[in-house]
Amino acid sequence: MTIYCTANATVTRGLLSPQQPPISPSSERDRKDELLQQPLEFDGAVLRHQPNIPTQFVWPDDEKPTPEAPELDVPVINLGGFLSGDPVAAMEASELVGKACEKHGFFLVVNHGVDRRLIADAHSYMDLFFNMPLQGKQSAQRKPGEHTGYASSFTGRFSSKLPWKETLSFRYSADVQSPNNLVEDYFLTFLGEQFRQLGRVYQEYCEAMNKLSLGIMELLGMSLGVGRTHFRQFFEGNDSIMRLNYYPPCQKPHLTLGTGPHCDPTSLTILHQDQVGGLQVFVEEEWRCISPHSEAFVINIGDTFMALSNGRYKSCLHRAVVNRDSPRKSLAFFLCPQSEKVVRPPVGLVDKDHPRKYPDFTWSSLLEFTQKHYRADRKTLAVFSQWVQEEENK
Ligand SMILES: O=C(O)CCC(=O)C(=O)O
């Protein structure tokens, strides 16, 4: 789907740009007609200076960002003892994880074993990509219905409530049958030889995220009483998604959102945000922020893990706000099952007092649902479950 600009957006050859020189009324009408035929594109380098923002980026009043969101109370879990094999530390960490996941599904981890230098490189290499002119970034343009590639906002997918951001998403596979340098190949194929080093950095980063996420799966298994290995084994050949989020400054940050409110359809998210801040979570009917912490990863449960835990652990609504002065960057690793693996809670989590909450499904069907039929929001899992059941009853 292509969207077209409304009259309040100033557009040049489909690109939103700063003010144009004055034009006469008749040529203005011709020009508007012409503009209505042209697809909208989000060029952050231009839009960041524009005093007014196009209506497609203005969110409804009840979804606009709240000026001062209080801090969310999230545990900061030290993984040092657990990772070095201390069983008592593992038990303590799993209890903290379990409590946070029953409440809202968000927690922070420190002493996670990921090299500081690698995290710093993963942030700084983002600039090499996002600081390119729009055309360069579009060599990796995301195609309709696909979940990988470069997306400047969601201009190709939706016509309203557009997010003020650019993203680059790519696949990571831990499957032994998959090529072991999928990420590196992605950068070489779509962006060329000069991006080889970026590919290497993100390959290494994804491998570190894979390792960390399998460790967290052990803690989740312990906390749910199904054993340390259950979820670890389930995710061992994961087919995951890495997303680089780049939020340009916005001159009207109170009108828009960087990432709209949604629950992650994936299983577990490992987020590293830079020092700018902007992540907010909806807990007890209020938006609360999670302030940046350079030593910590923000972890949250996604819809697929909520289904695997038979609804015990929460996948919580969250969003990102933008600001007037500084670009913001975040690195999000979305752990996902192998695409055809059946998502079903372990038997220990189902009994007559805890009947199945969600039907069996595969990650590939949920991914397709969110890419082609449904814009992820707080109800994704419920709507998807209903759709799966209707399909089964046909
Ligand atoms: O950038 C952030 O803080 C949140 C990003 C996010 O929620 C997403 O990429 O799904």
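Summary table below
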item	result
Residue that is nearest to the ligand (Cβ to nearest atom), among those in the range 267-289 that are part of a strand (DSSP E or B) and in contact with a helix residue (DSSP H, G or I) (Cβ under 7 Å, 6 or more places away or on another chain)	His272
Test: residue in the range 326-344 that is in a helix (DSSP H, G or I) and not aromatic (Phe, Trp, Tyr)	no
Filter result for Ser294 (among the hydroxyl-bearing types (Ser, Thr, Tyr) and in contact with a strand residue (DSSP E or B) (Cβ under 8 Å, 6 or more places away or on another chain))	no
Out of Ser178, Ser152, sole residue that is surrounded by fewer than 18 Cβ atoms within 10 Å (Cβ to Cβ) and modelled with pLDDT under 95	Ser178
Residues satisfying the stated conditions in the range 273-286, i.e. of a type outside the set (A, V, I, L, M), surrounded by 19 or more Cβ atoms within 10 Å (Cβ to Cβ) and within 26 Å of Ala307 (Cβ to Cβ)	Gln280
Hey, Asp325 surrounded by fewer than 20 Cβ atoms within 10 Å (Cβ to Cβ), acidic (Asp, Glu) and within 16 Å of the ligand (Cβ to nearest atom) or not	no
Top-ranked residue of the range 246-266 - restricted to ones that are under 26 Å from Ser339 (Cβ atoms) and in contact with a helix residue (DSSP H, G or I) (Cβ under 9 Å, 6 or more places away or on another chain), ranked as surrounded by the fewest Cβ atoms within 10 Å (Cβ to Cβ)	His262
From the options Gly221, Gly215, residue that is within 23 Å of Ile290 (Cβ to Cβ), more than 12 Å from the ligand (Cβ to nearest atom) and either modelled with pLDDT of 95 or more or crowded, with 24+ Cβ neighbours inside 10 Å (or both)	Gly215
Subset of the range 295-325 (residues that are in a helix (DSSP H, G or I) and among the aromatic types (Phe, Trp, Tyr))	Phe305
Qualifying helices (runs of 4 or more DSSP H) (wholly inside the range 129-229; at least 3 residues being under 19 Å from the mean Cα position of the chain (by Cα) and of a type outside the set (Phe, Trp, Tyr))	196-223
Criterion: of a type outside the set (Phe, Trp, Tyr), within 14 Å of the ligand (Cβ to nearest atom) and either part of a loop (DSSP other than H, G, I, E, B) or under 26 Å from Val201 (Cβ atoms) (or both) - qualifying residue of Pro261, Pro292	Pro292
Residue check, Ser173 modelled with pLDDT under 95, away from the ligand (no atom under 16 Å from the Cβ) and farther than 22 Å from Arg319 by Cα	no
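Okay, residues lined up against (1) within 14 Å of Phe305 (Cα to Cα); (2) at pLDDT below 95; (3) among the aliphatic types (A, V, I, L, M):
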site	(1), (2), (3)
Leu335	yes, no, yes
Pro345	yes, no, no
Ser364	no, no, no
Thr370	no, yes, no
Arg378	no, yes, no
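The values are calculated or read from the model by the stated rules, or taken from the named source; none is laboratory data. Remember, it's a predicted structure, so these values are computed and weren't measured experimentally. FYI the Cβ positions are ideal-geometry reconstructions off the backbone, even for glycines, and counts take in every protein chain you see.
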